[in-house]
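The values are calculated or read from the model by the stated rules, or taken from the named source; none is laboratory data. Just so you know, these numbers come straight off a predicted model, no measurement behind them. Don't worry about glycine lacking a Cβ; one is built from the backbone with ideal geometry, like all the others, and counts go over all protein chains shown. Protein only, heavy atoms only, side chains kept; ligands, DNA and RNA dropped before computing areas. Shrake-Rupley method; radii C 1.70, N 1.55, O 1.52, S 1.80 Å.
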Amino acid sequence: MDRKEIVASVASDLHATEAAVDAAITSATTLVQSMIGARTMLKLSPVVAAESQAKAMAAIAALSEAREALVACHNELAKDHRRLGFGAYAVGILDKSGDWDAGRPPGVSNLDDHRAA
């Protein structure tokens with residue numbers, strides 16, 4: 001593999017790991033929702049299964065910490081990428097529909113520049 005392929009491989013692994021952690025967070029929050037819904041449908045007291053629900057929420061908190069660490073890793077890898085002289089390099093999912101810019105109209109790069117007076 002040449003240098004570009006190696007860098008692309010690392011970037012691809014990073015994006016896959018970020019997606020996996022996001023999927024785990026989604027699954028864990030669905031679990032908590034399911035637990036609360038089941039308890040409600042069964043007309044059980046909030047005391048019932050409180051400990052197991054707290055453990056599931058602790059797992060979500062741990063996954064959130066893992067996500068923060070991955071974001072920090074991503075930022076550091078970007079710095080390393082520039083320090084090694086690779087310049088701008090894009091790898092991974094190009095349609096990042098979950099990004100903050102997803103709601104912007106086509107062709108608008110900065111909403112602040114296009115606000116009505």
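What does the charge add up to near Gly85, with Lys and Arg as +1, Asp and Glu as -1, over the other residues with Cβ less than 14 Å from its Cβ?
Here the charged neighbours net out to +4.
Distance between the 7 Å Cα→Cβ label points at Ala62 and His81: 3.1 nm.
In the context of the full set of protein chains, residues of region 41-81 present 72 Å² of accessible surface per residue (probe radius 1.4 Å, heavy atoms only). Working from label points 7 Å from Cα in the Cα-to-Cβ sense, the Ser9 to Val47 distance is 5.8 nm.
Taking a point 7 Å out from the Cα of Ala38 in the direction of its Cβ, the residues of region 47-71 whose backbone N falls within less than 17 Å of it are 47-60.
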